[in-house]
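What follows is a single structure, written as structure tokens, with notes after it.
The values are calculated or read from the model by the stated rules, or taken from the named source; none is laboratory data. Small disclaimer: the values here were computed from a predicted structure and weren't measured. Methodologically, a virtual Cβ is constructed for each residue, glycine included, from the backbone with ideal geometry; neighbour enumeration extends over all protein chains shown. To get the accessible areas, we keep the full protein, side chains included, count just its heavy atoms, and leave off ligands, DNA and RNA. Shrake-Rupley method; radii C 1.70, N 1.55, O 1.52, S 1.80 Å.
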Amino acid sequence: MENECITVTIDRITFCNEQSGYYVLRASSRQYPQGVTVVGNFGYIQPGEEVRVYGTWACHPNFGMQFQVIKFTLLKPATLKGIEKYLGSGLIKGIGPATARRLVETFGLDTLEIIEKEPEKLAECPGIGPSKADKISSGWFLQRSIQDIMIFLQGHGISPAYAVKIYKKYDREAVRKISENPYILAHEVSGMGFKKADAIAAEFGITGNDARRLKAGLLYVLSNAATDGHLFLREDELLKASFEALGITETSDVERAVAALVAEKKLVKREFRQQNLFYLPAGFRAEEGSATLVMSLLKNRRDLSRQKIIEALDRAFAGHGLQLSEVQQLAVEDSLSHGFLIITGGPGTGKTTTLKAVVSAHQAMGRRVLLASPTGRAAKRLSEVSGFSAQTIHRLLEFSPQEKGFKRNQKQPLDCDTLVVDEASMIDMQLFYSLLQAVPLHASLILVGDADQLPSVGAGLVLSELIKSEKVPVVKLNVIFRQAETSNIIRNAHLINHGQMPVLTVPDGQSQSDCYYVAADEPDKLIGLLKNVVQKSLPGKFGYDPVNDIQVLTPMNRGKLGATNLNTVLQEALNPPSPDKNELEHLNRVFRVGDKVIQLRNNYDLEVFNGDIGLIKDIQPEDQEALIEFPQGAVAFQTSDFLDLAHAYAVTVHKSQGSEYPAVVLVASTQHFMMLQRNLFYTGLTRARKTMVFIGARRAIALAVKNNRPKMRNTVLSALLQNMPA
């Protein structure tokens, strides 16, 4: 539908979300004397204002035809009625409906002009003396300054939703601060980013080798590197990436900008093995501080008699009937005597049983034990399988949105003698440092995880680097238990991990397996088969709920077989539009009651974290609000919160880390050539608890199995540990 432009006068505000600047307005004009509903992000608007709006018509299932605004221009009211309504709306302190009527009766169409340019004349109006005239004048200029800022921001390509954020951040200083250095938006206003700030800066003539641009570009490059998992960039990497991002070639200018940022303590330089490494300060502190705290924990060795250990094991196992292998028993014994221990192993090797035994033994010794996992889903599963209460690391450390940090730290450590953390491969360097700071000086830390899985989404390579350092005691569980040997999921996971093709059962109605393969080389054919598998085959054969029990995984977000497109396809198949299901539109995406969704970034205010999957339980279209049920409970989302939300019928393998699902369908296509890696398919396969289906090209699976060259990450944690005295 083509964009239209209409000019309307705001009659009333039906709904306003102050946080996002989203409004539902009732308006009228010559074209629409009966009235029209106008919806969109306006930031700040009042009844009586005249607005030129650009956008499209859409029919809302509950509220009928609405004009959805893409952009708008504020006009001064041009009629007596419009001026009276505008002034009487409560917009300006000192003017109510009665005063507005008297002003318009006295000054007519010149009312606004007099308030703005000749406020002393206001005293000529009956009932308005000099004091009230001053109050009206100051109220007018306050209001106009807000409007001017909003118009200024939108005039420079900033959407109303972001304009609200910026105004709330800088208040009346917004125009001055942004005019001086638009790049403050990139790192002080969430969601703006360098590219948007760079485009705004160009309108102010800040281009090329301007020092402000170079410094902002360097910080952007290092932030991007952190997104790719790197804690630092070598000097040559930093220069090369900066040239590409900024479109420049002058080395000396960039080097001067680097030196300036180091002097301003916005970058940290580490000299390491004849190379200069450049960090963002938080990354440097996390890596350096983690190494120091790990060495401190390693000194917490306890000299326990063999008799005490045996007694603790007997008391622990008596109540749970646990049968342990020799290596599992070694893990429990080592956990009792070491201040820091890593327990690692693949699927079916008894990590959960060992963890349960560790907790029981420590409690039998009278130690206070806490359990945690990186994600809500993982914490919930840990509680279920271990029989002990577990929570997310963020909840454990008590994040404070007001203080933008964790309440639990070295000054206020956790109340425990032993901390056990599962799914440790998911922990990034920043979270690891926060965790270490909260471990009491006398306590033990035990990490449990599979080092062969994909690394953390955040920067660093914590579990692998700790093991690689050979400073931290490690117990590797390497025996597959008999009950697990019958599972093709577990057998195939170990085959893939050893570079061998998995045994793939083609469903024929007769063969029984927990690991199947459905062949499909062409994307269109694959999508058709995928819908059939999720909608019919798996629910029909095993009784799975297509939304709650089955998770589609794919290596990438982009492309026809990426998560974004597959979600569109699967939403239509599994949760189509219905008159009894409310929905709302956000950034060309439709969210509907019943949709499965995933949080893409940590939201500490809502206590919803990266990778959390939830179900939309309710939507209030008029309020532009949704109630989403997550493992940790129901959370109310406003419009602005949807920026970090996506559908989750299909998610990337990376986003599935730490989760287990009754059934997993993993898309395997040569379209994903760049992402076909052994640890990615190994991670995807081990997300399935009962049933696994590979769907796609056998060649894609073979390419992934052969490719054991995981993308390297820039971190020197293991080297730092090796160089520290014991």
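Listed values, structure above:
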| read-out | value |
| --- | --- |
| For the range 547-558, Karplus couplings with θ = phi - 60° (6.51, -1.76, 1.60), whole Hz, Gly/Pro x | 8, 7, 9, 10, 10, 8, 10, 8, x, 10, 8, 8 |
| Sequence of Arg601, Arg176, Arg273 when ordered by accessible area, the most exposed leading, probe 1.4 angstrom | Arg273, Arg601, Arg176 |
| Accessible-area value, Leu441, 1.4 Å probe, nucleic acids and ligands omitted, Å² | 150 Å² |
| Exposure ranking of Thr251, Thr207 by accessible area [1.4 Å probe, largest first] | Thr207, Thr251 |
| Å² per residue, accessible surface of the chain at 1.4 Å | 45 Å² |
| Over the range 349-488: Rg over Rh, Cα atoms, Kirkwood Rh | 0.97 |
| Listed peptides 275-281, 77-83 by packing density, highest first (mean Cβ within 10 Å) | 275-281, 77-83 |
| Listed peptides 298-304, 456-462 by packing density, highest first (mean Cβ within 10 Å) | 456-462, 298-304 |
| For Glu625, distant residues with modelled amide H under 5 Å away | Gln620 |
| With all protein chains modelled, accessible area of Phe152 [1.4 Å, Å²] | 40 Å² |
| Asp595, Asp314, reordered so the largest accessible area comes first (probe 1.4 Å) | Asp314, Asp595 |
| Helix runs (DSSP H) in the chain reaching 27 Å along axis by Cα, Kyte-Doolittle at least -0.5 | 130-155 |
| Size of electric dipole in the chain: Cβ of Lys, Arg +1 and of Asp, Glu -1, about Cα centre, debye, nearest 20 | 1160 debye |
| Lysine pair number, Cα distance threshold 17 Å (strictly under), the range 517-583, separation 8 or more or different chains | 4 |
| Inter-centroid distance (Cα atoms) of the range 447-497 relative to the range 342-382, Å | 15 Å |
| Helical mean residue ellipticity (222 nm; -39500 (n - 2.57) per DSSP H run of 4+; nearest 500) of the chain | -11500 deg cm²/dmol |
| Kirkwood Rh, angstrom, the range 317-403 [1 / mean 1/r, Cα pairs] | 14.1 Å |
| Cα gyration tensor category, rounded, prolate or oblate, for the range 581-726 with a/c compared to 1.5 | oblate |
| Cα-projected label distance for Ala719 with Glu271, points at 7 Å along beta-carbon direction, nm | 1.4 nm |
| Apportionment of accessible area to carbon and sulfur, the chain, percent (1.4 Å) | 49 percent |
| Globularity index of the range 494-572, i.e. its alpha-carbon radius of gyration over 2.2 N^0.38 Å | 1.20 |
| Cα convex hull volume per residue for the chain (Å³) | 195 Å³ |
| Other-chain or far-sequence residues with amide H under 5 Å of His60's (modelled H) | Met65, Gln66 |
